[in-house]
Structure formats: structure tokens, C-alpha cells
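The values are calculated or read from the model by the stated rules, or taken from the named source; none is laboratory data. None of these values were measured; they are calculated from a predicted model. Cβ atoms come from the backbone with ideal geometry, glycine included; neighbour counts cover every protein chain shown.
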Amino acid sequence: MNNEMKAKKDTVRRLLSYMKNHKIKLFIVVICIVINAIASVKSATFLETLIDDHILPMLVSGSNDFSGLFNALIYLAMIFAIGIAANLVYHIIMVVVSQKTLKKIRDEMFEKMQTLPIKYFDTNSHGDIMSRYTNDADTLRNMIAESLPQILSVTITIMAIFIAMLAVSIPLTVFIIISVLLMMLFVKNTAGKSGSYFIKQQQSLGDLNGYVEEIVNGLKVVKVFSYEEKSEEIFDGKNEIWRDNATNANTYASIIMPVMQGLSNVQYVFLAIIGGYMAINAAPNFTITGVNVLTLGMIAAFLTLAKNFTNPISHISSQVNSIVMAIAGASRIFDLMDEEIEKDEGDVILVNVIEHDGGFKESQGKTGIWAWKCPSDAGEAQYIRVRGHVVLENVNFGYTEDKMVLKDISVYAKSGEKVAFVGATGAGKTTITNLINRFYDIDDGKISYDGIDIKRIRKQDLRRSLGVVLQEVNLFTGTVMENIRYGNVDATDEECIAAAKLANADNFIRMLPNGYETVLEGDGSGLSQGQRQLISIARAAVADPPVMILDEATSSIDTRTELLVQRGMDKLMEGRSVFVIAHRLSTVRNSDVIMVMENGSIIERGNHDQLIEQKGKYYQLYMGAFELE
Amino acid sequence: MVKTLMGSIRQYKKQSILTPLFVSGEVLMEIIVPLIMAYLIDRGIEPGNMNEVLRYSVYLSCFVVVQLFFGVMSSRLGAYASAGFAHNLRSDIYRKVQSFSFSNIDKFSTASIITRLTTDINNVQFAYQFMLRLVFRAPLMMTFALIVSFGIDSDISKAFLLFIPFLAIGLGAILKVTYPIFDRVFQNYDKLNNVVQENVRGIRVVKSFDRADYEQKKFNKVSQLIYREYSKAEKILAFNSPVMLITSYGYIIIISWLGAKAIVASGNNIALGLTTGQLLSLFIYAQQILISLMIISILFVIVAISRASMKRITEILREDSNIINCENPVYEVKNGGIIFDNVSFVYGKDSDKQDKNVLENINVMINSGESVGILGATGSAKSSLVQLIPRLYDVTSGSVKIGGVDVRDYDIATLREAVSLVLQKNELFSGTIKENLMWGNQDATQEEIEAACRLAKANEFIEAKPDKYDTYIEQGGANISGGQKQRLCIARALLKKPKILILDDSTSAVDTKTDAYIQAGLASYIPETTKIIISQRVSSVCNADKILIMEDGKIKDMGKHDELLERSEIYSQLYESQLKGGAVNE
């Protein structure tokens, strides 16, 4: 419980730290809130002045001179005007502060997210990550823009009213404090119950929404299997649990207001009785300014003050839940921000060079020659030309500690070679590529690139030098042209079109309603799987990397089209090292070396003819295809 | 729109009506209480009569108890009714969505259906709860308070009427200006969601191409837009409070001035005019009127915000599935023979942008128990053709017949029971392997499940897992490989024991050898089932009784392997490229 409180406090403190830059603005806000609170207290206490200083004396003296009251009202109007101005100023400043803070948190969260390792995305539900940008950020906005200023404003108002009350009567104030404490007890109890139901409600809602998301995403499968009734049954169960929790949470939350209202009326009754008794019996009344006797105006004023004292408290109490939810939301956001980032201790970077005196010289412009810039202790950087020579030596790896996926893998890819991996699904082919581009780090062994340990290469430069076409194609909202250009932001339209031609995607792109300017939405949902793969190949082609990794890049393309793509790719592959993963033997057949994988190990290696000669697994696979004839 | 939504209130009608009634009672009490308070001051405290003080205190306490009762009841019933309404509404939308055909789903997109079922419902529920409790409260409170105020002193109360046009115009103008801005804010939120979603899904692409900066820029742009629009809207909304304050403070000053004059004129005698007690009441009523106005203005904002959500939900509720049972459906599928009779097909015929036929004049006859392979280039409409068989889409012209009966004459559930289609883009659901497989047949025994898995070559990897058939599958099958997923999907389809089995490129991630086993198994173990296999691999289809070659939505050629090898250029090229592809390239 104590730890929980501390965690909550830390979350709030951290949230506040985001507003550090706005110190001056916040200072103005505080001053404006104070002014605004004074004006609102003034409006509550003016009644006393009105009755005691103006009406009653005039009633007693019978005078008809209203000039005193007139002046007092002018004075009051001026205070009110300043109060209103202050109110407007702090509202507007708070809008700016809260929105800027939110933007900062949002942007930082996204920036942070870009640095997280692939593992984070592989192990967290996407819906869960996304909800931080929407649901959780929304609760924060509520808290910063509404709850915080309100709490501040209410606190100041309560303090001002408290002093005003003391000035009227200490005994009556003591009574108010006692009754308010009793009310708080009720609020705490009810809000506690409501809070626990709110958490349950959120949990059941998360469960319900998760189910809905999954079923709707797979709706076509639901239809194919006529699974509608069964899914409705499951849905109904979850929906009913939610309804139950929501009813309870909202009952307790909305019961606070009327009960507080009733209690404050009870308080009013008691005040009237006590005050009346004191006034009628002329009992000594202690105030902070001295001892006097309660007057009618004082009682009237005190009754108003008491109402203004308890109302904001009940108002704030009914907001307890939104604050609890905001803190929960903030801590989820901070959890993401506290995730361990992808480690990168590499200092070797990728640069453009020109040949110079038998060595290399760094160049700012595009030269077409890439080199690794290795800083050395001596100070003079060393340049190594990028050739795409990738070596894996005795690599062991497992996604989890208890299960090894790759065992003692060694691969030598010389510059310009085409290295293929074949094997059954789950043999560990894709894992190898995950290791080369360091989506995951090896447990044991060594991977080097042009003789440099890849751990020494800065990750972004390493990845830039590897063109990857993945099994699962992801396209982005935007035109076809923009999607191809994703591979290289500097590419001209002509270069993008040339890449599309290379990938044999040009034909179908031209058939689209607006050609290259056709806007793709929802991950290119209007295109077939094969067409999406062609675009992703064009995207990798335009990046023009020294090494290409093709992971089942053509699995959804028919073999005839693949043949055409292959020709373009062969042109593309000239002078590059290429890693190809495929189950289709026709795709890998012309590779320089083919690795046959089984259960995380390489069991055979060699070119097509050698492997056929070996009459091993590859031979069986190859013949297996013929067996059906 | 409202009427459509109201249809979901149903069994919560009673509570939905009672809540505002109790709220009205509560309001009535809140009006009476200050009146008694005025008496308490005027007749008790001022003349110094303690008996009167106690008498009115007792009255007051009674009313407070009644007020409490009404308050608690309205809270409880309001919460009950609004949660119930949201429950029904969600269930209605869910059922509606379940009834949607593929083209209905395509029209809305799954992402948008999900938003409507989650965020939009929350907005509507919130608005409904707010409405139940406040829609009567605010106007009632205002009316009562005004009436009583006029009863106390009509001259002073008239002053309040002066402020009403000011308030109405002020608040109205603020709402009018902010509504379109908020609309834009929500659209930008959609964009932000999209950027995040694509980023999260495509994180491997982002990292591979080192595009984090680019993504960040894209995100910042939308984030900046939201910041700008949201601040703009909220800055304008910030004027709400000064407008209210001007009214409230202005009224206090006027009441004070006029009240003081009236009291002095009457000599604080209730018989002659205004008294101090009544002045106090006027102050309280003035506050209540203002609070009511404030509530009304909040109500407007909430309705304005939820209006967009209501619209989106109504769109779903009003959308009718375009694939429904005919009047006297046939409940038995005699056999697995399929006839495509002059079939043409266009996606989304009501949308005007694509008029080109996806399928044109297809005529095919498939006998029950035959195996048919379909080959064709990417985008040649192979998937579109087979999706017409279980009526996932309806033909545009011509007809598809199964067992001699037009598919549109079958009961849909019966039809889909008989036709098992393994989709190209298939899904597994979170749950155990067994639970996923039982989608095919909820009464399947362990033996049947294992048999289906053997046929789909899924048994080996399942049995290698520590929990075997009880292994938990993450959402979307994230914890198994693509090939394993495909084999589970085939096993699931086999459990249906269908008359027609369609595999739409369902073995693309399965290696050739496994694929060969599966194909051979299907041929020998379920000979009476009509099998349609779409594939990129010639080896998957070359043993079929018939092979269809498709191109641009037409059937280019049809025949057995040997025939096609001889006469079809496309087929022989495909065959060459796959079995001797390496040689061609060298």
C-alpha cells in the first residue's frame, strides 16, 4: 500500500516535471487562480457587507442615501472584472501548457519507441502499445488541463473561504471543519468502492475490446466457419461482466454528489440552529479579529460561506476517479518510456568516399562508393571499402534462454555471392537474418561484415547497408511512389520508377487508377499479396544497398512473374552479396551456395549440382518435388 | 439517427424513464430547501425566535431526507440504465457486424469497425448517462428557480432575463466556432493512430531502412496539427467561463443594488416587500440558474462530441448485409459438384470507381469428388473465383451451382458447412491449438482432431510442443511460424468434413516436401471431397483431374497436366520456371 502510494507520487511528480519549461507561465497561472479565487470569495462574502454595512444601517437610520452602496458596488465590479480577466488568462495559458506538455509527451514517447528493440514489439500486443497514444494520453489531458487547475483553484478558494469564515466566527468554523471531515470519511469510503469497480470496469472493458478486436480482424474466417453464434455467446458473457462492473462503478461515482448535497443541507440546518442560538442568546463569538456577537448579516454570510466551502469539496471528490485513472494512464506511458532501449555501442559508420592516393577520402556528396569509417585510438580514422563480405562463425542463438534456435552456424558470404537458405518451416532461416541486421543479438559466436565485428558498427549504418525484403510486407499510407521512396528518401521519381521496373511492378502500378500517385491505405489492402511483395522489392531496390536479404520475398508471386523479377534482381544483385531464404527450390537454385537447414543447424552446403550429387536432404527435397509427377 | 440508437434501450426503458423522474424530484427538493431556509432566517433568526428556528429545521430535515432518497435512486437507476443501454447497443452492433458479408466488411474496413465497437460506444454511453441525469435537471432547475425568483420579487428577477440573450449568443457562438475545429481534431487523431499503427506493425521495415527520423517527422507533423487545432478549440472554449462569470457577477451586483433598495423601501417587512432572508434566497437561486446554464453548455459540448460517434454507430446499424438467406432456403447440399454458369463478377458494384469486371464469362463444370488446380499470375482473380463458391461474395451475373442448386438458394450456414475455404490471408485466434481447431467442428473428438492434423502434416510440430494440443496460440498466431500456421488452418478446415475443400494458396509458406505429403494425403484420404487448390506451385496441382489456367479474370485454358504441357504456353513456362528455373537463368 505504501509502495503504491509512493509510486503514484512519483508518477505525479514526473508528470509535473514535463511542465518545467513553463515555469513563468505556471507562475502567472497561480497568480491568476489566486485573483480569481479572491473574486469568487468576495462574491460570497459581499452579502454580509451588503446586509450589515448598508441595508441594516439604512433601515435603522431610515436614510435614503445609496451613494455608499453605489461606491461599494463599483468597487466590487472592479474586483469582479479583474477576477474575470484572471480567469480567462489562466484558462488560456493552461490550454497552451497542457497541449504543449501533451505534445511533448507524445513526441517523446514516439521517439523513445523508435529506439526500442524488436523484441519489445514482438512481445507486446500492438493494440496495447497504441492505446497509450490515445486512451492514456486522453486521461492525461483531463488531468493537466482540468483536474490540476481545478484542484489548485479549489484549494485556494477553500483556504480563502476558511480565513473568511474564521473572520466571521471561530466556533461555527470548528463545527464546519468537523462536519466536513465526517463528509470526507463518506467520500473516501464511497470513492474507494467506486474506484475498485472502475478498475474492474476498465479491465473487463479491455478484455471485451480485445475480444472484439481479434474477432473483427478475423471476421472473414468467422464467416467461412459460420462461427457467428459461438462468438456471440462468448461476447455476451464478456459484455455482461462489463455491464455489471460499469453499473456499480457509476452508481458509486454518481451517488457522491447528491449525498454530499444532502449532507451539506443537513450541515446548513445545524448551522442555522447553532448560529440562531448564539445570536438570540448573544453568546460571545470568537473571531480571528476579536470577540463579538453574531449578527444577522454574519449568519447569512456564514451560511453562504459554508456552502461555498463544502461544494467544491464534493465537486473534487466526484473527480477522484478520473484522477485515479489519469495516474494509471500516466504510469503506463512512463512504463513505455522506461523500457530499455536497443543497445548500440557501435562507432563504425557508413560514409561515401572517393579514391584518393590509393586510399579513401571521405566525401559529403554521393559518390557511389561506400566505406566503413573506423575510428582508431591513434586518432586517424581508417576507411574500409564496403564489399558485403559477411561471415558468421559458430553462432548460437535462442529467443529464450531455455531453447536454442540456432546451433553452431557458420556461413561465409563473399562479396557478390548469392547465399541461399532452404529448409522446413521453423528451421531457423529467418532467425539468421534477424541476427545479421541485429534485430536480435547473438548469444555466442561472431558475425563480421567486411572483417569488422558487427557489434562495432553503428546499428543504423549496419541496417542501411542491408536491403531487406521481408516475408510479411508492410506498406504505409501514402502514394505508391512514396512507398517505394521509403527505401531511399533522396531517390528521384525516375529512380523509383526504374526500381519498380526492375521488380517488374511497373506494369501493374500503371494499371492502378492514378498510377504511381495512387494512394494506398490500410497496409495496401486493395492490392494482392503478390503485388505488395513486388512493391516491397522495388522499395529495397531503390535503397541500393551493398547487401540484400530476401526472406521469402517472392513466396506469393507466381513463378512466371518471379522469373521476370529474378532477371531484374540478378541485374540488381550484380556486385552485391545476397542472402535468399525460400522454400521454393526454383528461387534458390542458381545460388552460389545453398545451405540446407534443419532444426537450427546447417546440415548440407554447396551449390545445386554439388548438393544433388551428395544425394542428401537437398536431393530428397528436390526429388520430392518430382515424385508427384 | 437518435431513433435508431434508441432501439437498443429495450429492457432498460423503465429505468431510463424513472431516472429523469427521480431527478425531477431531486430538483424540486433543491428548490424547496432554499425557500424554507429563507423562512428560517426571516421568521426564526431575525426575530430571535428559537422555536421557529427548530420548527423550520425539522421541515428542512424532512425534505433533505426525501432529496437524498431521490438523489440515490436517480444515481443508481441512471448508472443501471446507461450501462444497460451501452451493453445492448454494443451487442446489437456486434451482431450486426457478425451478419455482414465480405463486401460489407470491405466497405467499412476492419479498423473502422473496431473503433466503432470500442471508442464510439464509450462516447455514446457517456453522453447517454449524462443526458439521463442532466437533460431534465438543468431546464427544470432553471424553470423552477426562475418561477420562485419571480414569486419573491419579479422586478429583480427580470434583470436576470436581460442576461439570457447575452448568454445564449455567447455560448452559442463558442459552440458554433469550436464544433468544426473539434471535428478536425478527431480526424487528426485518426491520422495519429494510423501513423502509430503502421509504425508498430512495420517496425522491422522502419529499422531496416533506418527511417526512424522520417517516421518521427511524420508523427511530429500530425502531433503538431493536433496541438494546433486542439489548442485553438480549447482557447475558444476558455471563453465559456468568462461568459458565465460576467452573467453571474453582473447579476450579483444588480441583485445587491435593487435588493438593497427594495429592502430599505419595505423596511425589511415581508408584508411590504423584500426581506433580507428573501434576498439570501435570491442569491442562491441565481447560483442555481447559473449552474443549470453551465450544465446546458456542457451538455451541448458532450452531444457535439458524441454526435460524430453516434453517426458512425448508426451507419453500422443501418447497413444491411447484402448476402442473406432466400425465402425458402435449401438445407441440404447433395454433393460437391460445382458449376460456374457464365459467371461475371465486380467488387462493390454500387461504387462507381471500378467498373472493370474482375471475372468475366466463367464457365466451368467440376464433378463431385474431382480435384481441380488453379494457376495464374498475380492478380488474375483466382481468389475472387473461389470466394463465390461459399457465397462470400455474390456473382454480378450468371450463377454458381453446387449439387445442381444455385448457391443463393441454400441456407448460408448449410452452404458454408459444406464448403471449407482456407483463406489466403488466414487468422488464428488466441486460445489453445485445440480450441482453434474446434472452430471447424465444435463436437470434434480428440481422434478426429489428430486425424485432421496428420492429414495437414501439423501433428509433428504440435506433438513436439510441451503442451501438445493445449499449446497456447497468441493473437494472430504470433508464436508459431507461417508454415505452421498454414497447416493448422488446413487442419481446421478439414475438421468440417466438407463436401468441397478449397485451399487458396494455403501452403505458400510450407516447404515443397511437406506440401507434397499434404496433397497426396488429401487425394487418398478424402477422395469423395471436391478439392480446389490454388497455388503458385505447379507441383501442387499437376496431379489434379483438371487444371485451370487463369489470366486477367478469364479462364485461359483448362485440362490435365499432359494436355496443358503440350498446348498451353503459360503452363509449360510455369513448369519450366519451377523445375528447370535455375537452368533458364544461367
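Some points to look at:
- Scanning the range A:602-613 for residues that are among the charged types (D, E, K, R) and in a helix (DSSP H, G or I) yields a count of 2.
- Being in a helix (DSSP H, G or I) and of a type in the set (D, E, K, R) is a condition met by no residue of the range B:386-407.
- Verdict on residue B:523 being out of contact with any strand residue (DSSP E or B) (no Cβ under 8 Å at 6 or more places or on another chain) and over 27 Å from residue B:358 (Cα atoms): no
- Unmet criterion (only one of (1) at negative phi; (2) without any contact (Cβ under 8 Å) to a residue 24 or more places away in the chain) for residue B:31: (2)
- For the range B:499-537, a residue qualifies if it is part of a strand (DSSP E or B) and not hydroxyl-bearing (Ser, Thr, Tyr), and the qualifying residues are B:500, B:501, B:502, B:503, B:504, B:531, B:532, B:533, B:534.
- Any hit, the range A:286-304, residues being more than 8 Å from chain B (Cβ to nearest Cβ), part of a loop (DSSP other than H, G, I, E, B), free of Cβ contacts under 8 Å to residues at least 12 places away in the same chain and not hydroxyl-bearing (Ser, Thr, Tyr): no
- Residue in the range A:505-522 that is in a loop (DSSP other than H, G, I, E, B), within 30 Å of the chain's Cα centre (by Cα) and modelled with pLDDT under 80 present: yes
- The range A:199-218: number of residues that are within 8 Å of chain B (Cβ to nearest Cβ), without any contact (Cβ under 8 Å) to a residue 60 or more places away in the chain and of a type in the set (Asp, Glu): 1
- For the range B:504-549, filtering for residues that are within 28 Å of residue B:344 (Cα to Cα), more than 10 Å from chain A (Cβ to nearest Cβ) and not charged (D, E, K, R) leaves 10.
- Only one of the numbered conditions (1) at pLDDT below 85; (2) away from chain A (no Cβ under 11 Å); (3) out of contact with any helix residue (DSSP H, G or I) (no Cβ under 8 Å at 6 or more places or on another chain) is not met by residue B:460, and that is (2).
- Failed condition for residue A:472, given (1) surrounded by fewer than 17 Cβ atoms within 10 Å (Cβ to Cβ); (2) modelled with pLDDT of 85 or more: (2)
- Look at (1) assigned to a helix (DSSP H, G or I); (2) loosely packed, with under 15 Cβ neighbours inside 10 Å and you find that residue B:306 fails only one, number (2).
- With respect to the conditions (1) more than 7 Å from chain B (Cβ to nearest Cβ); (2) modelled with pLDDT under 75, residue A:248 falls short on a single one, namely (2).
- Which listed residue, of A:175, A:80, A:121, is modelled with pLDDT of 85 or more and either within 11 Å of chain B (Cβ to nearest Cβ) or buried (at least 21 other Cβ atoms within 10 Å of the Cβ) (or both): A:80
- Out of B:60, B:77, B:28, sole residue that is in a helix (DSSP H, G or I), within 30 Å of residue A:300 (Cβ to Cβ) and at the interface with chain A (Cβ under 10 Å from one of its Cβ atoms): B:60
- Condition met for residue B:232 (assigned to a helix (DSSP H, G or I) and within 12 Å of chain A (Cβ to nearest Cβ)): yes
- Residue match in the range B:310-331 (condition: basic (Lys, Arg), more than 10 Å from chain A (Cβ to nearest Cβ) and in contact with a Gly (Cβ under 6 Å, 6 or more places away or on another chain)): no
- Here the helices (runs of 4 or more DSSP H) wholly within the range A:1-70 that include at least 3 residues being touching a residue at least 12 places away in the same chain (Cβ under 8 Å) and in contact with a Gly (Cβ under 8 Å, 6 or more places away or on another chain) are A:23-48.
- Checking each residue in the range A:226-268 for being under 11 Å from residue B:83 (Cβ atoms) and aromatic (Phe, Trp, Tyr) picks out only A:242.
- Count - residues of the range A:153-166 that are hydrophobic (A, V, I, L, M, F, W, C) and buried (at least 18 other Cβ atoms within 10 Å of the Cβ): 7
Condition check ((1) hydroxyl-bearing (Ser, Thr, Tyr); (2) under 17 Å from residue B:228 (Cα atoms); (3) within 23 Å of the chain's Cα centre (by Cα); (4) within 13 Å of chain A (Cβ to nearest Cβ)) across all residues:
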residue	(1), (2), (3), (4)
B:158	no, no, no, no
B:161	no, no, no, no
B:165	no, no, no, no
B:177	no, yes, no, no
B:185	no, yes, yes, yes
B:191	no, yes, yes, yes
B:194	no, no, yes, yes
B:201	no, no, yes, yes
B:204	no, no, no, yes
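- Residue A:529 being at pLDDT below 80, within 11 Å of chain B (Cβ to nearest Cβ) and under 17 Å from residue A:474 (Cβ atoms): yes
- Those strands (runs of 3 or more DSSP E) lying entirely in the range A:367-435 with at least 3 residues farther than 18 Å from residue A:553 by Cα: A:370-374, A:382-385, A:390-397, A:406-413
- Verdict on residue B:496 being assigned to a loop (DSSP other than H, G, I, E, B) and either touching a Pro at 6+ places or on another chain (Cβ under 8 Å) or in contact (Cβ under 8 Å) with a residue 60 or more places away in the chain (or both): yes
- Residue B:340 meets each of the listed conditions (1) surrounded by fewer than 18 Cβ atoms within 10 Å (Cβ to Cβ); (2) not in a helix (DSSP H, G or I) apart from (1).
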